[in-house]
Amino acid sequence: MPSDFFRFINGHLSVEDLPLAPLAERFGTPLYIYSRAALTHAYCAYARACAGRNARIYYAVKANSALAVLDVFARLGASFDIVSGGELARVLAAGGRAGQIVFSGVGKQRHEIRAALCAKVQCFNVESAPELHRLNEIAAQTGAQARVALRVNPDIDARTHPYIATGLKTDKFGIAFDEARAAARITAALSHLTLVGLACHIGSQITATAPYLDALDKMLALIEAIETDGAALSHLDIGGGLGIHYRPAGETNAEPPPGIEHFVSSVLDHVAQRGHAHRTLLFEPGRSLAGNAGALLTRIEYLKQSGEKRFAIVDAAMNDLMRPAMYQAYHDITPVIQRKDAMPALYDVAGPICESGDWLGRARRLAVQPGDLLAVHGAGAYGFVMSSNYNTRPRAAEVMVDGAQAYLIRERETVEQLFAGEARLPADALSYSQARHHAAQAAKIL
Ligand code: LLP
């Protein structure tokens, strides 16, 4: 298991002080379980490394936006990185302060910008010249002054999965490095904008510090260039992206990411060595705060054999945890109760959805029986938040464990909720024969 907070006690997988099997009985499966202690532990590692330094932590809400998770971080004093009006509403509902929010995202809509200006967020991370103009226009209408950081694409290869690399020239994100100075001039000329910093984000699940230091060098040089044009930039937002362990400790093919404290210190030391210690560094971690604080519990429905291959068909699927299907991501999978009475065998762990891509793990050695519970680890970030209702599957429930307490933080969806907002055609819609006639006419035109 990649987390210290999920561990076997007498053969029973437990989180903090609680065995997981009774939680599955009580709340049903599939079930997301989070550990408050694990969230707190990860946050405190960031906070320790930032103590006494000019640095702040903005939790990337997209990683896990459950109100209870946001609440845990808000109580710890975190700031927040959001990417939508919906995330703004969540942070405020969970007790976060608007003045501690940066608003990132490549496609901010007018209503989202308006809501963020009204709430008085700390800063907009702007990704294009058209967005600068839109922001200025809405700020003028609302009589506000918007604080702006330019999100620049530093053209750095973060050496991660192509779907989660964001800092290359060919990615849709940010303002091209060579155009950033011009964008700073545009910002200065727009009377309702104040340029306060630069931002970048080079990717996610990054397991080396070197790409960050390369990005820092480019960004600090750019800050110096922009300041010679007369601007004063108080902060640099280095984005998120620090990777986590997904594989169990000791597995040889693991590519270990640096520890949080080591990573943050390396970044801050590098900034200081370059003579920029007076500038505030913003970190936007998501996965490294929440990823290993969560697991997805699922029950084995069937064990089946097809030729040489064995499958454990479970009640969680790609709609619950999309990462394996989408990125071929590895998540460690363990039984919840270790058995001595079943022979270990290699199984593909797959869900009930009608897609070959619907798997959670491949070729896993498990000693299991039908009805057993499995835990899919490392599911605290980009797990529930990416879930869908594909195959009309209600989304899972979520539980937060806090010491010996387990709190239901989201009820399981019901099928009725899934189509509550839908409608059949009205009673006076075209009759069957009219509709057939209409279809025949339309087919001729096409
Ligand atoms: N800041 C910005 C501007 C971002 O775009 C992201 C993530 C973060 C911060 C947080 O990055 P983190 O520390 O969590 O790596 N769904 C993918 C990950 C997508 C990440 C998108 N941006 C996955 O499941 O691996």
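The values are calculated or read from the model by the stated rules, or taken from the named source; none is laboratory data. Bear in mind the structure is a predicted one, so any value in this text is a computation, not a measurement. Here Cβ is always computed from backbone atoms with ideal geometry, including for glycine, and neighbour counts include all displayed protein chains.
Looking across Ala158, Ala139, one residue alone is assigned by TED's automatic domain parsing to the domain that holds Ile238 and either surrounded by fewer than 16 Cβ atoms within 10 Å (Cβ to Cβ) or part of a loop (DSSP other than H, G, I, E, B) (or both). It is Ala158. Of the strands (runs of 3 or more DSSP E) lying entirely inside the range 1-60, those carrying at least 1 residues that are of a type in the set (S, T, N, Q) and free of Cβ contacts under 8 Å to residues at least 40 places away in the same chain are 12-15. Considering only residues that are aliphatic (A, V, I, L, M), closer than 22 Å to Glu251 by Cβ and out of contact with any His (no Cβ under 7 Å at 6 or more places or on another chain), which ones fall in the range 351-385? Once the filter is applied, which keeps residues that are aliphatic (A, V, I, L, M), closer than 22 Å to Glu251 by Cβ and out of contact with any His (no Cβ under 7 Å at 6 or more places or on another chain), the range 351-385 yields Ala363, Leu366, Ala367, Val368, Leu374, Ala375, Ala381.
When only residues in the range 170-212 that are of a type outside the set (A, V, I, L, M) and assigned to a helix (DSSP H, G or I) count, which is farthest from the chain's Cα centre (by Cα)?
Arg185
Is there a residue being basic (Lys, Arg), closer than 24 Å to Cys50 by Cβ and in a helix (DSSP H, G or I) anywhere in the range 74-85? Yes, that holds for at least one residue.
For the range 274-295, filtering for residues that are more than 13 Å from the ligand (Cβ to nearest atom) and either assigned to a strand (DSSP E or B) or at positive phi (or both) leaves 4. Residues in the range 142-155 that are outside any helix (DSSP H, G or I) and in contact (Cβ under 8 Å) with a residue 12 or more places away in the chain: Ala144, Gln145, Ala146, Arg147, Val148, Ala149, Leu150, Arg151, Val152, Asn153, Pro154, Asp155. Of all residues in the range 63-121, those being among the polar types (S, T, N, Q) and farther than 30 Å from Gly403 by Cβ number 3. For the range 64-73, the candidate set comprises residues that are aliphatic (A, V, I, L, M) and part of a helix (DSSP H, G or I); within that set, the residue that is surrounded by the most Cβ atoms within 10 Å (Cβ to Cβ) is Val69.
Taking (1) in a loop (DSSP other than H, G, I, E, B); (2) more than 13 Å from the ligand (Cβ to nearest atom); (3) among the aliphatic types (A, V, I, L, M) in turn, Val271 satisfies each apart from (1).
Strands (runs of 3 or more DSSP E) fully within the range 297-379 that include at least 1 residues being within 16 Å of the ligand (Cβ to nearest atom): 359-366, 373-376. Residues in the range 249-268 that are assigned to a loop (DSSP other than H, G, I, E, B) and among the acidic types (Asp, Glu): Glu251, Glu255.
Scanning the range 392-446 for residues that are of a type in the set (Val, Ile, Thr) and either closer than 20 Å to Asp315 by Cα or surrounded by 11 or more Cβ atoms within 10 Å (Cβ to Cβ) (or both) turns up Thr392, Val399, Val401, Ile409, Thr414, Val415. The residues in the range 181-236 that are over 20 Å from Ala272 (Cβ atoms), of a type outside the set (A, V, I, L, M, F, W, C), in contact (Cβ under 8 Å) with a residue 24 or more places away in the chain and away from the ligand (no atom under 16 Å from the Cβ) can be counted, and the count is 8. When the criteria are applied in full, Ile175 fails the requirement of being surrounded by 14 or more Cβ atoms within 10 Å (Cβ to Cβ) and modelled with pLDDT under 95.
With (1) surrounded by 13 or more Cβ atoms within 10 Å (Cβ to Cβ); (2) under 22 Å from the mean Cα position of the chain (by Cα) as the list, and Leu268 as the residue in question, which single condition is left unmet? Condition not satisfied by Leu268: (2).
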